[in-house]
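The structure appears below as structure tokens.
The values are calculated or read from the model by the stated rules, or taken from the named source; none is laboratory data. All values reported here derive from a predicted model rather than from experimental measurement. Here Cβ is always computed from backbone atoms with ideal geometry, including for glycine, and neighbour counts include all displayed protein chains. Ligands, DNA and RNA are stripped out before the accessible areas are found, and what is left, the full protein with its side chains, is counted by its heavy atoms. Shrake-Rupley method; radii C 1.70, N 1.55, O 1.52, S 1.80 Å.
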Amino acid sequence: MATLIRVLGDFDAAEEAVQDAFVVALERWPRDGVPDNPGAWIVRVARNGAIDRLRRERTLRDKTAQLERLEALRPPERPDDRLEREGEIEDDRLRLIFTCCHPALAEEARVALTLRTLGGLSTAEIARAFLVAESTMAQRLVRAKRKIGAAGIRYEVPGRERMSERLPAVLATLYLIFNEGYLAANSPELVREELSEEAIRLARLLVALMPREPEAKGLLALMLLTDARRTARVDAGGELAPLEQQDRSLWDRERIAEGLELSERAAAAGPRPYAIQARIAAAHASAASAAETDWARIVRLYEWLALAAPGPVVELNRAAAVAMAAGPERGLEEIDAIDGLDEYQPFHAARADLLRRLGRDAEAAIAYGRALELSGNEVERRYLERRLGEVSGVDVPGLTRRM
């Protein structure tokens, strides 16, 4: 997609060309076998299809430049080939991120468009990330694509003098892609590993491109420290394992070591949002056991984060930390004081857990029911259903239907 967008300068035409190439692959690969380089094969077939389509169009003179770029396009010998010269990283996906994150676009449109075109998320998944209706997000994506064409936005990595103004939306984009991989929406699996890995790969590219930018390091550190727990998040039976129940011997120590070092370098530049979140993740990663977690320090870090990036989700996470440091009653008081998260599943799941710990089972059942209504991940749903059964004492499917 990123390569074809660069050549065609048109998001929809590139998407059509790539989709057509996948149709051809579905027809040929079962018969002829998967090619040695599937990515290059897709690019080549999409390129040829786009050339044929342009040649059939009547407005050929308006398409000459596109045809010349398509004719010149030669897929790399290996899909992972990347060039790095004098600090400039030649990567189509990185170019696509910065194109989607152009200042001419509204910030939410920048992030959403990149998630759709680069991360491959559906409109429904992006809407869930933004806590908006799917129809609203669909309209936002259409407007963003039109704006890019109308404004003549160039497909490029900006020069260093413009990099700082474009960076916040890029960081937000990568973090949302990572989060969708970490807890996949509407999926039978807990994680979408390919999305998490792609977000980490792009974050590494960004750190290489901007070695003096602490928030790029902070984001990469946060991703690495969080992703290090991936294997332990599901137990041997395929069920969700909360943080306090995870087998920490399964944590990726190599990623933790890298993340800790990056988090320290990011924090040295001052209390910025991703650097603070990385230090919170570092506090978890450094604890030998759940009982040894320094929750008081984590609460203090969330207080810093609330100053650097205020919002209800930050307040929710701080309240959950308060519950661990000062007890569930105090944490519940903090959560109940937060407004604006009725459509946010973790709010109800966290509240249900504290109510359960306080022995307020009837209220916990209602909260678990609401969390279930808002959860589309099957692994997460099974965990919530088990908790709901524990506090309700009745058949869970029947109880869920009555709610």
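Descriptive notes on the structure:
- The largest-to-smallest principal axis extents of the Cα set in the stretch 244-335 are 38, 32, 17 Å.
- Mean residue ellipticity (222 nm) of the chain, computed from DSSP H runs ≥ 4 via -39,500 (n - 2.57), nearest 500: -21500 deg cm²/dmol
- For Val234, residues with placed amide H under 5 Å, excluding near neighbours: Ala241
- Compared with the dominant Cα axis of the chain, that is its longest principal axis, helix 378-392 is turned about 20°.
- Per residue, the convex hull spanned by the alpha carbons of the stretch 284-345 comes to 95 Å³.
- In the elastic network of the chain, a GNM with C-alpha springs shorter than 10 Å, the most mobile of Met324, Met163, Met223 is Met163.
- Charges were assigned to the Cβ only: +1 to each Lys and Arg, -1 to each Asp and Glu. The resulting dipole of the stretch 233-371 about its Cα centre is roughly 280 debye.
- GNM top mover of Asp294, Asp32, Asp235 - the chain, alpha-carbon springs below 10 Å: Asp32
- Where only alpha carbons of the chain are counted, the Rg and the Dmax (Å): 23.3, 74
- Dividing the alpha-carbon radius of gyration of the stretch 246-403 by the rule-of-thumb value 2.2 N^0.38 Å gives 1.15.
- Exposure rule at most 14 other beta-carbon atoms within 10 Å, DSSP loop GluC sites (Glu not before Pro): the chain longest free segment: 240-342
- On Cα atoms only, tilt of 273-286 relative to the major axis of the chain in degrees: 60
- A 1.4 Å probe run over the protein chains yields, for the stretch 103-196, 45 Å² of accessible area per residue, whole-number rounding.
- For the chain, with all protein chains in place and a probe radius of 1.4 Å, 49% of the accessible heavy-atom surface sits on carbon or sulfur.
- Between helix 361-374 and the chain: long-axis angle, C-alpha atoms, 0 to 90°, nearest 10: 0
- Candidates Leu250, Leu209, Leu195: whichever shows maximal mean-square fluctuation once the chain is modelled as a Gaussian network with Cα springs under 10 Å: Leu250
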